[in-house]
Amino acid sequence: MYGMVWYGLTSEKRLRDAHARLKKRGVPLAVNQVNYSLIYRTPEENGVKAACDELGVTLIAYSPIAQGVLSGKYTPENPPTGPRGNTYTPEFLTKLQPLMNRIKEIGVSYGKNPTQVSLNWLTCQGNVVPIPGAKNAGQAMEFAGALGWSLAADEVEELRTLAREIKGIKMPIEES
Ligand SMILES: NC(=O)c1ccc[n+]([C@@H]2O[C@H](COP(=O)([O-])OP(=O)(O)OC[C@H]3O[C@@H](n4cnc5c(N)ncnc54)[C@H](OP(=O)(O)O)[C@@H]3O)[C@@H](O)[C@H]2O)c1
């Protein structure tokens with residue numbers, strides 16, 4: 001089995017066009033890599049996730065823990081420094097707290113940490129492969145703990161609902 005791996009088909013139209021063009025040449029579009037996490041759910045809001053499902057294209061989720069934010073290591077009192085600090089401001093981190101608190105609570109019931117819950121939430125969407133970035137072996141080991149179990153369906157929806165409530169936040173933009 002072979003197929004084209006595409007980076008950044010961030011609109012449904014572009015995805016469908018690429019799929020159709022490749023199909024004419026007998027090449028399946030196997031993978032589309034886009035930014036997708038609990039706090040950046042644009043692929044499910046703009047039709048890209050649904051179209052991937054329909055067309056049999058695996059969605060690769062980059063930045064799946066929002067550059068470490070969904071690990072819970074940042075707080076309004078301890079925001080990230082450098083470029084991450086431009087997006088994940090104390091104001092953002094304050095609005096994020098109800099979601100992070102629930103992620104932590106749910107994680108405790110499974111013996112999992114927030115990073116693992118956040119990655120598991122993505123795999124629970126089906127047809128999604130998150131590719132978290134690790135800077136050391138410990139972080140990579142944590143990612144492995146996101147595998148082999150599943151959040152309950154009502155927990156998946158509860159976290160989505162809490163995430164939707166984080167409004168008025170300037171997030172990284174992927175132009176479509
Ligand atoms: N296709 C594209 O346009 C595109 C764009 C961006 C990224 N990507 C790819 O997607 C992958 C991941 O994206 P990403 O690095 O932006 O985001 P991410 O996976 O959401 O965040 C990774 C960062 O979070 C921190 N982290 C990792 N594990 C942690 C843990 N267990 N606890 C606390 N902090 C942890 C690490 O940084 P610190 O330790 O420094 O905090 C790490 O670099 C990479 O392979 C990257 O190449 C692709």
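Taking region 22-55, which residues are hydrophobic (A, V, I, L, M, F, W, C), closer than 19 Å to TRP121 by Cβ and not in a loop (DSSP other than H, G, I, E, B)? Reasoning before the result, please.
Looking only at region 22-55, we keep the residues that are hydrophobic (A, V, I, L, M, F, W, C), and these are 22, 27, 29-31, 34, 38-39, 48, 50-52, 55.
From the residues that got through so far, the ones that are closer than 19 Å to TRP121 by Cβ too are 34, 38-39, 48, 50, 52.
Across region 22-55, the qualifying residues are VAL34, VAL48, ALA50, CYS52.
Working only within region 129-143, note down all residues that are more than 6 Å from the ligand (Cβ to nearest atom) and either of a type outside the set (A, V, I, L, M, F, W, C) or out of contact with any strand residue (DSSP E or B) (no Cβ under 7 Å at 6 or more places or on another chain) (or both). First the steps, then the outcome.
Kept after step one, since they are more than 6 Å from the ligand (Cβ to nearest atom), are these residues of region 129-143: 129-130, 136-138, 140-141, 143.
Within region 129-143, PRO130, ASN136, ALA137, GLY138, ALA140, MET141, PHE143 meet the criteria.
From LYS49, LYS23, LYS95, which residue is surrounded by 15 or more Cβ atoms within 10 Å (Cβ to Cβ), farther than 23 Å from PRO130 by Cα and of a type in the set (Lys, Arg)?
So the residue among LYS49, LYS23, LYS95 that is surrounded by 15 or more Cβ atoms within 10 Å (Cβ to Cβ), farther than 23 Å from PRO130 by Cα and of a type in the set (Lys, Arg) is LYS95.
Take the conditions surrounded by fewer than 16 Cβ atoms within 10 Å (Cβ to Cβ) and in contact (Cβ under 8 Å) with a residue 60 or more places away in the chain and apply them to GLY8. Does it pass?
Numbers: surrounded by fewer than 16 Cβ atoms within 10 Å (Cβ to Cβ): yes; in contact (Cβ under 8 Å) with a residue 60 or more places away in the chain: yes.
Yes: the conditions hold for GLY8.
With the requirement that a residue be among the small types (Gly, Ala, Ser) and part of a helix (DSSP H, G or I), what does region 84-129 give you?
Initially, region 84-129 is screened for residues among the small types (Gly, Ala, Ser), giving 85, 107, 109, 111, 118, 126.
Listed by number, the residues that qualify are GLY85, GLY107, SER109, SER118.
From THR58, THR94, THR75, THR81, grab the single residue that is without any contact (Cβ under 8 Å) to a residue 12 or more places away in the chain and β-branched (Val, Ile, Thr). Break it down into steps so the answer makes sense when it comes.
Values: THR58 fails: without any contact (Cβ under 8 Å) to a residue 12 or more places away in the chain; THR94 fails: without any contact (Cβ under 8 Å) to a residue 12 or more places away in the chain; THR75 fails: without any contact (Cβ under 8 Å) to a residue 12 or more places away in the chain.
After ruling out the rest, the residue left standing is THR81.
Quick one: which residue in GLY68, GLY72, GLY111 is at pLDDT 95 or above, within 16 Å of the ligand (Cβ to nearest atom) and exposed (fewer than 14 other Cβ atoms within 10 Å of the Cβ)?
On the way: GLY68 fails: exposed (fewer than 14 other Cβ atoms within 10 Å of the Cβ); GLY72 fails: exposed (fewer than 14 other Cβ atoms within 10 Å of the Cβ).
Just a single option satisfies the conditions, and that option is GLY111.
If you go through region 4-20 one residue at a time, how many are closer than 22 Å to TYR40 by Cα and aliphatic (A, V, I, L, M)?
The first filter runs over region 4-20 and keeps only residues closer than 22 Å to TYR40 by Cα, leaving 5-16.
From the residues that got through so far, the ones that are aliphatic (A, V, I, L, M) too are 5, 9, 15.
Residues flagged as closer than 22 Å to TYR40 by Cα and aliphatic (A, V, I, L, M) within region 4-20 amount to 3.
Output the qualifying pairs, or none if there are none: Cβ atoms under 7 angstrom, residues six or more apart or on different chains, first residue in region 155-168 and part of a loop (DSSP other than H, G, I, E, B), second residue surrounded by 15 or more Cβ atoms within 10 Å (Cβ to Cβ) and not hydroxyl-bearing (Ser, Thr, Tyr).
ILE166/ILE39; ILE166/LYS95; ILE166/LEU96; ILE166/LEU99
Being surrounded by 20 or more Cβ atoms within 10 Å (Cβ to Cβ) and part of a loop (DSSP other than H, G, I, E, B) is the filter here, so list the residues in region 56-65 that pass it.
Within region 56-65, VAL57, SER63, PRO64, ILE65 meet the criteria.
The values are calculated or read from the model by the stated rules, or taken from the named source; none is laboratory data. The structure presented is a predicted model; accordingly, all values stated were derived computationally and were not measured. Note: ideal-geometry Cβ built from the backbone for every residue, glycine included; neighbour counts use all protein chains shown.
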